[in-house]
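What follows is a single structure, written as structure tokens, with notes after it.
Coordinate-derived values only; no laboratory data. Given the structure is predicted, the values throughout are model-derived calculations rather than measurements. Glycine also receives a Cβ, built like all others from the backbone with ideal geometry; neighbour counts cover every protein chain displayed.
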Amino acid sequence: MAPRNKRRASRTEPAAQGTSLPRRSGEAAKAGKSQVREMFESICVAVILAFFVRTFVVQAFKIPSGSMEPNLLIGDHLLVNKFVAAPTLSKVEDTLLPIETIRRGDIIVFKHPKMPERDLIKRTIGLPGETIELRDRRVYVNGQPLDEPYAHFLFKDLADVPAGDVRRNFGPVTIPQGQYFMMGDNRDNSEDSRYWGFLPREYVKGKALFLYISFGEGEGSVANVRWARILRQIH
């Protein structure tokens, strides 16, 4: 009788082994799917974070012209704080989020009011409700002269600028609510509010923070990096 029992036992062993193999392959497939899903989710999160940072936090910008010289030079690359332009729906968001208001003297990146596909960078000179006037190139806000240590003039002699030129005399004009008066630091070489009018608040893209790199002529070459300007704060 003993040999028969052994034969029966030996017949059942392969059956037991055969039932365990599909379980292992199924677990491996599930593990593989789980890894692919985790990888996909990680990529999605990274893309969403990058989009959020670029849309609402900071964005890179390159100085294309000399309208802000000597403060900002052609070839300067800077980061822009976009929270200054972030929309809020409640006072709670104003309190919790690091959203800034636009102040006089802030250097702002914005969409050109007449050509929105083009970006500009200028300094905030007039705020909503204020009256702006230029008299012999001197800026007056509500009848009071504005101290502007950053202003730069190509024509040193006032007589070289015609009296009817907006670079010499302009206004007075009163700024509507929700709009701003912008000017370049290089007053004789800047296309600004003297030419295209006021800047609507919704066209603001952000406030200039600091330079992260700057190139002279021949951009892209290490030999032309302006090392002294790297990480320079903009004000």
Global geometry of segment 63-229, whether rounded, prolate or oblate, following the gyration tensor of its Cα atoms and the 1.5 cut on a/c: oblate
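Starting from the Cα-Cα distance between Arg118 and Asn224, subtract it from 0.36 nm times their residue separation and give me the gain in nm to one decimal. Intermediate values should be presented prior to the final figure.
On the way: separation 106, 0.36 × 106 = 38.16 nm, distance 2.69 nm.
Length gained, Arg118 through Asn224: 35.5 nm.
Using a 10 Å cut-off around each Cβ, can you sort Val80, Val58 from fewest to most neighbouring Cβ atoms?
By the 10 Å Cβ count, ascending: Val58, Val80.
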Using θ = phi - 60° and the Karplus form 6.51 cos²θ - 1.76 cosθ + 1.60, what ³J(HN,Hα) does each residue of segment 148-163 get, whole Hz, x for Gly and Pro? 10, x, 7, 5, 10, 10, 6, 8, 6, 8, 4, 5, 6, 10, x, 5
Treat the count of other C-beta atoms within 10 Å as a stand-in for reagent exposure and order Thr174, Thr124 from fewest to most. Thr174, Thr124
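Computed FRET efficiency, Cβ-Cβ of Tyr140 and Glu202, R0 25 Å: what is it to the nearest 0.05?
0.35
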Entries in Lys111/Lys156; Lys62/Lys114; Lys114/Lys156; Lys82/Lys156; Lys62/Lys156; Lys156/Lys207 that, when Cα-Cα distance is taken, lie over 25 Å: Lys111/Lys156; Lys114/Lys156; Lys82/Lys156; Lys62/Lys156; Lys156/Lys207
